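**Q** Got a structure for you, written out below as structure tokens; questions coming shortly.
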Amino acid sequence: MERPDRIAPASPLFDEVTGALEALTAVLREEDDFRILLRHVCLQVRHAVPGVDEASVTLVTGEVPHTATATSGVVDELDGEQYRIGDGPCLEAVRSGKIVRTSVSDALERWPRFARGAREAGFGSFLAAPLVADEQFSGAVNCYGRQDDGFEEVEARLLELYTTAVEAILRVYHRYLRARETAEHLRTALTSRAVIDQAKGMLMAIRQVGADDAFALLVEQSQRENLKLREVAGRFVDRVVSGHVPPR
């Protein structure tokens, strides 16, 4: 698929960004794998922003940056060089929260190791936009171009527009994951409660004891064997059902 020409009118370029966002939203409806979602971010920004030949996404976990996905191993390595030295245009975008736009020639003075590596890899331009979904998620979208004159202002604006919308999509995604996790916890809690109540009822009938005493017996067994209460209850229910615990 061909990328739009760098000197194309602004309106068609914004249409490309809109199309990329619609495609990303479609992916979100079908996928719940965060890595796949970020992979599509890379592929689509390469198509939507003129001059972008390769792209990557940096994520910061705690204070440690890493490349979550990249369109090639070359840019993955260039990102990694920045992480190793603790500086570079990618990390500048993360720290400052602002777009970083530079040619590799201009970057030689400030980030010489990165600039030399990028030039050796055949790149002449770099563009990065911060990416912040919530208080636990930060990073940047990094764009590498082979042209020597750097990215233009309109391309920086397109990337900023794209990443701002991506941030909103990622926030929705994170809320979905949290809701799903909460639902799983509730489901586990309800299942555990049902099993424990079933075991209590069986103990009450078998031992001819009250509900409190039956529950205390399960707790004692749990502590004695260092197992979760629901595991002890489930095992007891299985034994009764299979006939290994004769009624008294």
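**Q** What is the sum of charges around A211, taking Lys and Arg as +1, Asp and Glu as -1, for the other residues whose C-beta is under 11 Å from the C-beta of A211?
**A** Its environment carries a net charge of -2.
**Q** Once the piece of chain linking S96 and Q223 is laid out straight, how much longer is it, given 0.36 nm per residue of separation minus the C-alpha distance between them?
**A** 40.5 nm
**Q** Taking θ = phi - 60°, what integer Hz values does the Karplus form 6.51 cos²θ - 1.76 cosθ + 1.60 yield along the range 225-240, in sequence order, with x for Gly and Pro?
**A** Karplus values, whole Hz, x for Gly and Pro: 9, 6, 10, 5, 4, 5, 5, 4, 5, x, 5, 5, 4, 4, 5, 5.
**Q** So, one more: For S72, enumerate residues with amide H under 5 Å from its amide H, sequence gap 5+ or separate chain, H modeled in the peptide plane.
**A** A55
**Q** Per-residue HN-Hα couplings for the range 200-215, Karplus 6.51 cos²θ - 1.76 cosθ + 1.60 at θ = phi - 60°, whole Hz, x for Gly and Pro?
**A** Once rounded to whole Hz, the list reads 4, x, 5, 5, 4, 6, 6, 8, 6, 10, x, 4, 5, 5, 5, 5.
**Q** So how do V172, V45, V75 line up by other beta-carbon neighbours within 10 Å, fewest first?
**A** Numbers: V172 12, V45 27, V75 24.
With the fewest neighbours first, V172, V45, V75 line up as V172, V75, V45.
Every number in this text was worked out from the coordinates using simple rules, so none of it is lab data. None of these values were measured; they are calculated from a predicted model. Every residue, glycine as well, gets a Cβ built from its backbone with ideal geometry; the counts of neighbours run over all protein chains shown.
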